[in-house]
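Step one of this worksheet: look at the structure below.
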Amino acid sequence: LDDEAIEFAILSDQVNAIRGIFSGRHLQVFTSGAEWMVTGDPLTPASVQIRRQTRIGSLIDRHIPPIIVDGATLFIARNKEQIQEFLYTDLEQAYKSTDLALLSRHVINDPVDMDYDPKRRLLYLVRGDGDFAALTAFRAEAVTAWTLHETAGSVKSVAVVGDDTFMLVLRGSDYFIEMLDED
């Protein structure tokens, strides 16, 4: 019935593990092999429709949830070398993906965590080697600029809380929760 839970199968030519679900303009489902759009007006068990949008696939070996930035959903691609911008286009009535690290592959190195600071318009990406990168993204102006940051220690995680950015940093054998200072 329309007031009950929605349960459906993703019919595909391959078996895909669901890696993330995001509610944006539509319900977006990110799997290991493709990205899907779930629609229905209203979305009920009787009206649910699912359509594959792109075949990039999301990161498999760790869970890094998709993040909304300026109306686009950003996710880490399965190959660990791309940050994809998943954006709905009215012209095509579908989502398209754009690689935001196309010219900066050397900056995307084994991503382990990410978070977005809307006040500073920075996407922080923690890398497996302990360094972190920051992406400045202004989609309306077609600006995407990466900066690689090195620190004395190894950054393990990042979290933006309110107007502050915190990082979990391993220094020697001790872990510290540190607040990022703009200076």
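The values are calculated or read from the model by the stated rules, or taken from the named source; none is laboratory data. Model, not experiment: these values are computed from the prediction. For neighbour counting, all protein chains shown are included, and Cβ atoms are generated from backbone atoms with ideal geometry for every residue, glycine included. To get the accessible areas, we keep the full protein, side chains included, count just its heavy atoms, and leave off ligands, DNA and RNA. Shrake-Rupley method; radii C 1.70, N 1.55, O 1.52, S 1.80 Å.
Taking the Cβ-Cβ separation of Ile60 and Glu182 as r and a Förster radius of 35 Å, what is the calculated FRET efficiency to the nearest 0.05?
Given R0 = 35 Å and the Cβ-Cβ separation, E is 0.50.
Kindly sort Met179, Met114 by accessible area of their heavy atoms, largest first, with the probe set to 1.4 Å.
I get Met179, Met114, largest accessible area first.
Out of the total accessible area of the chain (probe 1.4 Å, heavy atoms of protein only), what percent is carbon and sulfur?
Whole-percent figure for carbon plus sulfur exposure: 51.
Once the piece of chain linking His106 and Glu141 is laid out straight, how much longer is it, given 0.36 nm per residue of separation minus the C-alpha distance between them?
Gain on stretching His106 to Glu141: 10.2 nm.
I'd like the accessible area for Leu148: 1.4 Å probe, protein heavy atoms, all chains in place, Å² to the nearest 10.
Here the residue's solvent-accessible area equals roughly 70 Å².
What does the convex hull of the Cα atoms come to per residue for region 126-183, in Å³?
So the per-residue hull volume is 101 Å³.
For Val15 and Asp2, compute 0.36 nm times the residue count separating them, minus their Cα-Cα distance, and round to one decimal in nm. Could the numbers behind the result be given before it?
Values: separation 13, 0.36 × 13 = 4.68 nm, distance 2.82 nm.
Taking Val15 through Asp2 to full extension adds about 1.9 nm, to one decimal.
Between Ser47 and Asp163, what is 0.36 nm times their sequence separation minus the Cα-Cα distance? Round to one decimal in nm.
Additional length available on full extension: 37.7 nm.
Could I get the Rg over Rh figure for the chain? Both from C-alpha atoms, Rh via Kirkwood, rounded to two places.
For the chain, the value is 1.01.
Would you kindly state the longest site-free stretch of the chain, with sites defined as GluC sites (Glu not before Pro) in a DSSP loop (not H, G, I, E, B) surrounded by at most 13 other Cβ atoms within 10 Å? Don't jump to the answer; show the numbers that get you there.
Working: sites that count: Glu4, Glu7, Glu92, Glu150, Glu182.
Counting only loop sites that pass the neighbour cut-off, the longest clear stretch is 8-91.
In Å², what does the accessible area per residue of the chain work out to with a 1.4 Å probe? Write out the running numbers ahead of the final one.
Details: 10210 Å² over 183 residues.
Roughly 56 Å² per residue, with all protein chains present.
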